[in-house]
Amino acid sequence: MTDFRPSFVCPETRSDPSPDTPHEPPSVLDPELVALVVAAADALPEWAELVVPQARLDADLALDETEFAVLDTLLRERFGADLGALRAGLDLDALAALTVGDLAELVRR
C-alpha cells in the first residue's frame, strides 16, 4: 500500500496534471465506504445522506474517538487502509479538516 496524505496536507504532491485546478474529492462514494462510516457511528441508515465527500469526519459527522477506532478497524478489514496511521501524522487543524473524500482517497490506494 502506498502512503496517503490528504490533499490539504501536501497539495504539491497531487497527481492532478493541472496544478491550478483545486483538488476535488470524488463526487460518488463507494457505497461500502458509506456503510462502514454509518456502522462505525452506530447511526440509523438515513444518516448515510450526511456521508458526502465534503463532510468533515469531526465537525460535520461528529465522530468521536471510539467511532474513529471502530472505523479504523472496519477500513483495515475491508480495504486494508490504515486510518490510525493517517491520523497519527496530522496536526490538529488537519485532523479537523479530514473529510469523507479523504477516506475515499485512502481506501483507493
| task | Kindly indicate whether LEU103 is part of a helix (DSSP H, G or I), under 15 Å from PRO31 (Cβ atoms), at pLDDT 95 or above and of a type in the set (A, V, I, L, M). | result | yes
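So that you can scan it fast, the table gives a plain yes or no per residue for (1) open to solvent by less than 30 Å² (accessible area, probe 1.4 Å); (2) in contact with a Pro (Cβ under 6 Å, 6 or more places away or on another chain); (3) part of a helix (DSSP H, G or I); (4) β-branched (Val, Ile, Thr):
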{"site": "VAL37", "(1), (2), (3), (4)": "yes, no, yes, yes"}
{"site": "GLU46", "(1), (2), (3), (4)": "no, no, yes, no"}
{"site": "GLN54", "(1), (2), (3), (4)": "no, no, no, no"}
{"site": "ASP60", "(1), (2), (3), (4)": "no, no, no, no"}
{"site": "ALA69", "(1), (2), (3), (4)": "no, no, yes, no"}
{"site": "THR73", "(1), (2), (3), (4)": "no, no, yes, yes"}
{"site": "ARG76", "(1), (2), (3), (4)": "no, no, yes, no"}
{"site": "ALA81", "(1), (2), (3), (4)": "yes, no, no, no"}
{"site": "LEU86", "(1), (2), (3), (4)": "yes, no, yes, no"}
| task | Report, ordered by the first and then the second residue, all pairs with beta carbons closer than 7 Å, sequence separation of six or more or different chains, a first member in region 53-69 that is farther than 16 Å from GLY101 by Cα, and a second member that is surrounded by 14 or more Cβ atoms within 10 Å (Cβ to Cβ). | result | GLU67/ALA40; GLU67/ALA41
| task | Spot the failing condition for PRO25; the list is (1) touching a Gly at 6+ places or on another chain (Cβ under 6 Å); (2) open to solvent by 30 Å² or more (accessible area, probe 1.4 Å); (3) modelled with pLDDT of 95 or more, and only one is missed. | result | (3)
| query | Restricting the search to region 88-102, which residues are open to solvent by 60 Å² or more (accessible area, probe 1.4 Å) and either of a type in the set (D, E, K, R) or closer than 13 Å to ASP58 by Cα (or both)? | reply | ASP91, LEU92, ASP93
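The values are calculated or read from the model by the stated rules, or taken from the named source; none is laboratory data. Keep in mind it's a predicted model, so treat the numbers as computed, not measured. No Cβ is skipped: glycine too gets one built from the backbone with ideal geometry, and neighbour counts run over all protein chains shown. For the accessible areas, the whole protein counts, side chains as well, though only heavy atoms, and no ligand, DNA or RNA atoms are used. Shrake-Rupley method; radii C 1.70, N 1.55, O 1.52, S 1.80 Å.
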